[in-house]
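Inspection log for the structure reproduced underneath, given as structure tokens.
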């Protein structure tokens, strides 16, 4: 095999290796940027606690309102309606 073919194959292999290394470096840089971006926008547990408290309060109020519709105790129904409906005509 002539020497120029061997030199051509070695240079092609070196070029392909260099290209692969460059692509891996670019990919590594993109992953680093994404990691920083995710860390900046990540919501911490302490930030979510008030939102969950509001959610559970809302669900509890909904549960009480549903109880008023299925309850047979007229006093309980009236108490819940008075508590949650500001205008008395809203629930009639």
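The values are calculated or read from the model by the stated rules, or taken from the named source; none is laboratory data. Just so you know, these numbers come straight off a predicted model, no measurement behind them. All Cβ positions, even for glycine, are placed from backbone atoms using ideal geometry, and neighbour counts span all protein chains on display.
Scanning the stretch 1-24 for residues being part of a helix (DSSP H, G or I) and over 52 Å from the mean Cα position of the chain (by Cα) gives a total of 5.
Annotation note: of 65, 83, 74, 44, the sole residue that is at pLDDT below 85 and under 30 Å from the mean Cα position of the chain (by Cα) is 44. Residues in the stretch 25-74 that are surrounded by 10 or more Cβ atoms within 10 Å (Cβ to Cβ) and outside any helix (DSSP H, G or I): 71, 73.
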